[in-house]
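Here is the structure we will look at.
Each reported figure results from applying straightforward, stated rules to the coordinates on display, with no laboratory input. Not measured: the values here are computed from a predicted model. Using ideal geometry, Cβ is built from the backbone for each residue, glycine included, and neighbour counts are taken over all protein chains shown.
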Amino acid sequence: MLKDITIGQYVPGISFIHRLDPRTKIVAVFLYMAALFASGDSTGYLVVTVFTISMVFLSKVPWLMIIKGIRPLWIILVLTMGLHLFLTQGDIIWQMGFVKITQQGLRQGVFMTLRLVYLVTITSLLTLTTTPIALTDGIESVLKALFVPVAHELAMMMTIALRFIPTLIEETEKIMKAQMARGADFDSGGIVSRAKSLIPLLVPLFLSSFRRADELAMAMEARCYRGGENRTRMKQLQMTGLDYMAFIIVFVLLIVCIIIRFWM
Amino acid sequence: MSIVLTGVSHTYSPNSPYEMKAIKNIDLEITEGEIIGLIGHTGSGKSTLIQHFNGLLKPTEGRVLVDGVDIVKKGVKLKDIRKKVGLVFQYPEHQLFEETVYKDIAFGPKNIGLDQEKTKSRVRKAMKMVDLDYAKYRDISPFTLSGGEKRRVALAGVLAMQPKYLVLDEPTAGLDPRGRDEILRHVTELHRRENMTIVIVSHSMDDIARLVDRLIVINQGELVYNDRTRECFAQYEELKRIGLDVPTMTALMLRLAEKGWPVRTDILTIKEAKEEILRVVRGGAADA
Amino acid sequence: MVRKVIEIKNLIHRYNSSQDGIVIEALKGVDLHVAKGEFLAVIGHNGSGKSTLAKHLNALLLPHEGSVTINGLDTRKKEDTWAIRQQVGMVFQNPDNQLVAATVEEDTAFGPENLGIEPVEIRRLVDDSLERVGLSSFHKRAPHLLSGGQKQRVAIAGIIAMRPNVLVLDEPTAMLDPTGRKEVMATVSALNKEEGLTVVHITHFMEEAVFADRVVVMSEGLIAMEGTPREIFSRVEEIKRLRLDVPQIAELNGCLAKEGLLLPPGILTLEEMVVALCQ
C-alpha cells in the first residue's frame, strides 16, 4: 500500500558512515564538494574516484541504490558529455564533416560527467545512511551554527512534513476512491479534462490539510510550543572519535586535491 | 439479482516486502432486498472486502459477479457497476468539494452522463431521502453545515446515483447520539421504503442487533460467520475469542443464565430483554 | 475542604458567525468547579458548547465575561498562559492531527522540550510516560503505523510528560473503534485512580461517562444537569430531551420500571443489573 513507502531512502545499517553524527556528514559533503571542484586533472580525479568508491564500500549500501539515484539524471549526463565533447576547441582526434571531437573536449566531457555522478553519489550516500529525523536535526544545528535566523522554524517544518506525508498519501488514496465510487474518472480524456477531473480530489485534500494544520497548531500551542526560544532537545547530537576521524579524512582529501591542482 | 463473490482473495503489493493478504478465499452472496451487517475488528479486511463490491479493488484471486456480470471481464464498464453499487466511505463528508449542496450531490449523476433535468430530479429525490429540504439547502455551501448535515449531504451524493445496493462503512462514526440515530433511521428507511439492499459496516453491536437481518463476521481476512443475526450472536464464545463483543442485552441474558435464570440467551434488543425478564419474573411469581 | 483545581465563574464566550456578522453565544454563563483528583465527565450534543468549554481550561480561548482560574492562576493574565498550559494538558479528538514528530518518543518529548527541561531529564520523563501508557516497546515507531487507540495513548504520554495537574480530553475516543476506546479509557482511568490526576473527559459515549465521579450535561451553552452518573442516567426522559442517550442498561431499567418491575434506580452497568435482578 502507498503508506508503506518510506520517505527519504534510508537504508538501515551500522556501518562507519551510518554511525557518524549527521552534522559531520553534512559538513563532510560540503568539504567533499570543494575537493571535487578543486580537482582538474587525471591525478586529482583518480584520488576522488578512489575516495568515492571506498566510501560507498564502507557504507555497505548496495550499489543498486546508488545507481537508482543516478539513473534519473541520464539526460543531463548525456547533455554534459555531448556539449563538452563536440563543442570544445583543441586538437582534433576524430572528425566527420563539421562534427569533431577534440582531445580537450573528451577530457572535459569525462571530467564534468564524473563530477556530476560523484556529486549525486555522495549526496545520496548522505540520505541513504541518515534517518530523516537525524538529517533534520543535523540541518537545524548546522544552520544555527551559521547564524541562519530561521533555523528552528525550517527544521520544525521539515519534521512536520516528515510526519504528515504518509498521512496525506493515505488520505489522497481515500478521497480518490470515494470520488470514483461516485463515477469520477481520473485517468481518461485529454489534458484539460484530466486536469479538471482533479478538482474533486484537490479541493477536499486542501481543505483537510488546512483543517489538519489548524488543529495541529492548536495542539502544539496547548503543549506550550512558542517557537525556538528556551526550547531544549531531548536528543543531543554527540560527536565521537569517529566523527573527528572522519573530519581528518575529508580534510586530507581536500588538501591533497588542492595540492595536486595548484602545486603539481 | 445479487452480488456474488466466489473464492475472492486480495493481496496488496504482491511479490514485494510489503506483500499482505488482506482477504482470503471469501465466498459470499448478497441478495436483493437484504439488510446485512458486516463486523470484524479494525484491520480484519472489512474495507478491502467492501471495495470489491463496486470494483474499486479487483480480486487477485476469485470472481465477483454483480447481477451476473463479472466485474473484471473485458468490456465491462466499471461506471455501470458503480451505478448499481453505491459505496459510502467512513467520514464521507471529507469528500465534499463543490460550492453548493446541489452541485455536490449532482456530481455523481453528471459523471454517469445524465442531462440537467434528470440530474435535478435525482438531486431532489436524494435530498428528500435524507431529510434535507431542497429549497433551503440547495444553494448553500456544504462547508457551512453542521457535522451531521454534511454527512447527510455526502450520503445524498451517493444516493443520487440511485444504486440498487448501498454499502456503508461505519456511517455513524464520530457523530453525537442524535446524529447517529438520524443516520441509522435514514438507512432503515432506504431499506424499507426504497427497497434498497443494504450492507452496513459497524463497530456497534447494539446498532447491528436492532438493524440487520443477516450478519457477516470476518477475522484476519477470513469469513468466520455468515448467518442470521441471532444465530451469529449465539456464537458469543467464538466472537469473544476473535475480539468482538455481543450486544449489551445478549451479554446481560448470558450473565443471567449463568446465574441460573431460565432466560433465553438469543435476545438482541432492549424490548426483547424487557419482555424476557418480565416473563421470567412474572412466571416465577406465578409458580410461588 | 477539597482543593479546587479548576474554578469557572459565570463564563461567557461569543463567536462571530461568518455570515451576517451575527454573534453567537457558545457559553452563556457557566459556573463549574473541579476538585483535585476528580474524574469529571462532560456530555452534551454537538454544538452544546462542551468543546468551547474545554479550550477555556488551558487558555486556548479566553473569557469574554466571567473568569477561569486554574490553581489560582487566572487565564486572562497573559504572563500565566504558559504556566497554565503546563498544568492543564489537552488531548484532542483527531489522533492524526495532534502528533508532531515522526517517531513516538520524539513526539512525547515535544512538550518537555518546549518547557526547556534538561535533555537527561526529558529522556527520563519520556521513558516514564511511555511506560505509564504501556507503549515503551513502540518508542521508535512512526505514528502513522500505530492504531487509533495507540496514537491517542501517545498523545496522552506527550501530555503527562509535562507533569500536568489536570488532563482535559476533548472527545478522545470519537474516532476510535471499540478496542481503541477501551485502551484509552483504561489508560485515563488508571492515571486518575492510581496517580490522582484530575481528569475532565468530554465525550458523547454515555458508557464512558458511567465511570466518572461526576457528570455534567451541557446544552445550549449552559450546564443543564449535574450529578453522579447514577443520578444523571436515572433521569432517562430528561436526558433524551437534551438530545442524548442513556446507557442501554439504564434504558432497560427505565422500561422495566414502566412495566411495574421496580429495581433500584441508577443501575448503570451490566453487573449491577444482574445483582439487582438476582436478589
Exercise. Distance in nm between label sites at B:D213 and A:F37, each 7 Å beyond Cα in the beta-carbon direction?
Worked result: 7.7 nm
Exercise. Of B:K46/C:K55; A:K144/A:K235; B:K21/B:K58; A:K177/B:K74; A:K177/B:K21, which pairs sit farther than 25 Å apart, going by alpha carbon to alpha carbon?
Worked result: B:K46/C:K55
Seminar exercise, completed: Everything considered on the Cα gyration tensor (a ≥ b ≥ c; rounded for a/c under 1.5, else prolate if a/b is larger than b/c, else oblate), the protein assembly as shown must be described as prolate
Exercise. Taking a quarter of the surface of the Cα convex hull of region C:103-178, what do you get in nm²?
Worked result: 5.2 nm²
For this session: Find how many whole Å separate the alpha carbon centroid of region B:1-54 from the alpha carbon centroid of region C:190-224.
Result: 39 Å
Seminar exercise, completed: Most exposed to least, judged by fewest other Cβ atoms within 10 Å, C:H56, C:H201 sort to C:H56, C:H201
Exercise. By a straight-distance test (C-alpha under 16 Å), which lysines pair with B:K128 as possible cross-link partners, with residues fewer than eight away in the same chain excluded?
Worked result: B:K103, B:K118, B:K120, B:K136, B:K150
Problem set entry | Given charges at beta-carbon only (K, R positive; D, E negative), |dipole| of region A:150-222 in Debye | 280 debye
Exercise. Once every DSSP H run of n ≥ 4 in chain C is given -39500 (n - 2.57) and the sum is divided by its residues, what mean residue ellipticity at 222 nm do you get, rounded to the nearest 500 deg cm²/dmol?
Worked result: -11000 deg cm²/dmol
Seminar exercise, completed: Percent antiparallel among DSSP beta bridges confined to the protein assembly as shown, rounded to 5, stands at 60 percent
For this session: Quick one: angle between helix B:101-111 and the longest Cα principal axis of chain B, in degrees between 0 and 90, rounded to 10, please.
Result: 80 degrees
Exercise. How would you rank A:I14, B:I3, B:I35, going from fewest to most other Cβ atoms within 10 Å of each one's own Cβ?
Worked result: A:I14, B:I35, B:I3
Exercise. What spacing in nm lies between the two simple spin-label points modelled at B:V72 and B:D181, each 7 Å away from Cα in the Cβ direction?
Worked result: 4.6 nm
Exercise. To the nearest 10 degrees, how steep is helix A:42-59 against the longest Cα principal axis of chain A, on a 0 to 90 scale?
Worked result: 40 degrees
For this session: Among the chymotrypsin sites (Phe, Trp or Tyr not before Pro) in region B:157-262, which ones are in a DSSP loop with at most 11 other Cβ atoms within 10 Å of the Cβ? Mind listing them?
Result: none
Exercise. Computed FRET efficiency, Cβ-Cβ of C:E194 and B:M1, R0 51 Å: what is it to the nearest 0.05?
Worked result: 0.30
Problem set entry | Qualifying chymotrypsin sites (Phe, Trp or Tyr not before Pro) for region A:128-227 [loop in DSSP, other Cβ within 10 Å: at most 10] | A:F147
Exercise. Considering only DSSP beta bridges with both partners in chain B, what is the antiparallel share in %, to the nearest 5?
Worked result: 55 percent
Exercise. For chain C, which DSSP H helices look membrane-span-like by this rule: Cα extent along the axis of 24 Å or more and mean Kyte-Doolittle of at least 1.6?
Worked result: none
Seminar exercise, completed: In whole angstrom, the spacing between the Cα centers of region B:73-124 and region C:42-86 equals 44 Å
For this session: Would you mind finding the longest exposed-site-free stretch of chain C, with exposed trypsin sites (Lys or Arg not before Pro) meaning DSSP loop and at most 14 other Cβ atoms within 10 Å?
Result: C:141-279
For this session: Could you let me know the centre-to-centre spacing of region B:164-225 and region A:146-208, using Cα atoms, in angstrom?
Result: 30 Å
Problem set entry | For the protein assembly as shown, with +1 on Lys and Arg beta carbons and -1 on Asp and Glu, the positive-most of C:N71, B:T188, A:M158 along the dipole | A:M158
Problem set entry | Folded to 0 to 90 degrees: helix A:199-222 orientation relative to chain A principal axis, Cα | 80 degrees
Exercise. In nm, to one decimal, how far is the C:R241 label point from the C:K140 one, both placed 7 Å along Cα→Cβ?
Worked result: 6.0 nm
For this session: Filter the trypsin sites (Lys or Arg not before Pro) in region B:153-214 to those in DSSP coil with at most 13 other Cβ atoms within 10 Å of their Cβ, and list the result.
Result: B:R193
Problem set entry | Value of [θ]222 nm, deg cm²/dmol, for chain B, DSSP H segments ≥ 4, -39500 (n - 2.57) each, nearest 500 | -12000 deg cm²/dmol
